[in-house]
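Have a look at the structure below before the remarks.
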Amino acid sequence: MVFGLPTWLTVSLVLLAVLVFLLRTTNQVYLISLLKQNLFYMIMLAIFIFFAISLTYIHTHYEMDFTTLDGIKGALKIYFSWLSNIARNIGKVTGYAAQLDWIRVDNSTIK
């Protein structure tokens, strides 16, 4: 732990600080063109960082042993259950948003 924070949170804060520093110090037009040219690689890097941080979290909180096949299977089971829960929650939120009455017919300002 650094400064009393978990490792995954420390790494996330450092990456966020580097991103903010880059956005403030570089020419924004150059940065946008750089993002446009390397979007695939940046998305892959973000996925890799997310995967590494989440595996670190699984290793520390669930005490998984990645040196055995059973440990890797257990970690993947936890990881994919997280992903399925994320997909299920996105579906619930989307369904709820689609069922809302976004335009009220009895609006007093429309006459």
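The values are calculated or read from the model by the stated rules, or taken from the named source; none is laboratory data. Please read all numbers here as calculations on a predicted model, not as lab measurements. When we count neighbours, we look across all protein chains shown, and the Cβ atoms used for this are built from the backbone with ideal geometry, even at glycine.
Below are the figures for this structure:
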{"quantity": "Criterion violated by HIS59 - all others in (1) out of contact with any Asp or Glu (no Cβ under 9 Å at 6 or more places or on another chain); (2) modelled with pLDDT under 85 satisfied", "calculated": "(1)"}
{"quantity": "Exclusive hit being modelled with pLDDT under 90 and hydrophobic (A, V, I, L, M, F, W, C), set VAL93, VAL105", "calculated": "VAL105"}
{"quantity": "The range 38-65, residues that are within 14 Å of the chain's Cα centre (by Cα), more than 22 Å from SER81 (Cβ to Cβ) and surrounded by fewer than 11 Cβ atoms within 10 Å (Cβ to Cβ)", "calculated": "ILE43"}
{"quantity": "Residue within the range 30-37 that is surrounded by 11 or more Cβ atoms within 10 Å (Cβ to Cβ), at pLDDT below 85 and part of a strand (DSSP E or B) present", "calculated": "no"}
{"quantity": "The range 66-83 - residue that is surrounded by fewer than 13 Cβ atoms within 10 Å (Cβ to Cβ) and among the hydroxyl-bearing types (Ser, Thr, Tyr) and, of those, farthest from LEU19 (Cα to Cα)", "calculated": "THR68"}
{"quantity": "Cβ pairs under 7 Å, 6+ apart, first in the range 45-66 and assigned to a helix (DSSP H, G or I), second surrounded by fewer than 13 Cβ atoms within 10 Å (Cβ to Cβ) and hydrophobic (A, V, I, L, M, F, W, C)", "calculated": "HIS59/PHE66"}
{"quantity": "Any hit, the range 56-66, residues being over 20 Å from PRO6 (Cα atoms) and of a type in the set (D, E, K, R)", "calculated": "no"}
